[in-house]
Amino acid sequence: MIKELYFKYKEIINYLIFGVLTTIVSVITYVLFANLLFTEKTDITVQISNVLSWICAVIFAYITNRKYVFNSKTKGRDKYKEIFNFFIARFSSLLIDMALMFVLFSLMHIDDTISKIIVQFVVVVVNYIFSKIFVFKNNTD
């Protein structure tokens with residue numbers, strides 16, 4: 001029964017698993033960058049740390065999404081197009097991420113780490129939609 005449910009919803013389940021792992025990568029690297037690179041948390045240092053953590057998370061996400069979630073088999077020029085589309089889609093969600101971090105941290109004065117965790121819930125959903133529609137649309141089983 002569980003095996004049948006897994007295979008029926010394999011893509012979504014795998015995306016949730018790797019989405020959680022990507023979120024962990026994002027939050028941990030954010031905390032490391034925010035606390036190790038800067039002595040003070042300001043609007044700009046929070047955004048710099050956010051972008052640096054995004055880079056780490058996107059690299060991790062592309063590798064895991066391509067292999068374990070969407071089972072992409074593209075090669076050659078199509079693979080480069082896939083990578084480009086993935087990064088463009090993720091860049092779009094980075095803009096959403098940065099806007100929400102600005103609202104939560106800078107305007108509402110919510111702790112930066114808590115803000116980052118809240119924002120990640122929105123980003124995971126947006127990234128799945130972007131990946132499914134724009135990046136790996138023809139590559140799923």
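Coordinate-derived values only; no laboratory data. Being a predicted model, the structure only gives us computed values, none of them experimental. Neighbour counts are summed over all protein chains in view; Cβ atoms, including those assigned to glycine, are modelled from backbone coordinates with ideal geometry.
The table that follows gives values for the structure above.
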| read-out | value |
| --- | --- |
| Charge dipole (the range 1-65, unit charges on Cβ, about Cα centre) - positive-most of ILE44, ALA57, ILE2 | ILE2 |
| Using alpha-carbon coordinates, inclination of helix 112-130 to the longest axis of the chain, degrees | 30 |
| Likely footprinting exposure, ILE2, ILE59, fewest C-beta neighbours within 10 Å first | ILE2, ILE59 |
| Using a Förster distance of 41 Å, the FRET efficiency for ILE13-GLU40 (Cβ separation, nearest 0.05) | 0.50 |
| Ratio of Rg to Rh over the chain (Cα coordinates, Kirkwood Rh, two decimals) | 1.02 |
| Estimated vicinal HN-Hα couplings, Hz - the range 52-63 in sequence order (Karplus 6.51, -1.76, 1.60; Gly, Pro = x) | 4, 5, 4, 4, 4, 5, 5, 4, 4, 5, 4, 4 |
| For the range 26-40, Karplus couplings with θ = phi - 60° (6.51, -1.76, 1.60), whole Hz, Gly/Pro x | 4, 5, 5, 5, 4, 4, 4, 4, 5, 9, 9, 8, 10, 8, 9 |
| Likely footprinting exposure, MET1, MET98, fewest C-beta neighbours within 10 Å first | MET1, MET98 |
| GNM top mover of ASP112, ASP97, ASP78 - the chain, alpha-carbon springs below 10 Å | ASP78 |
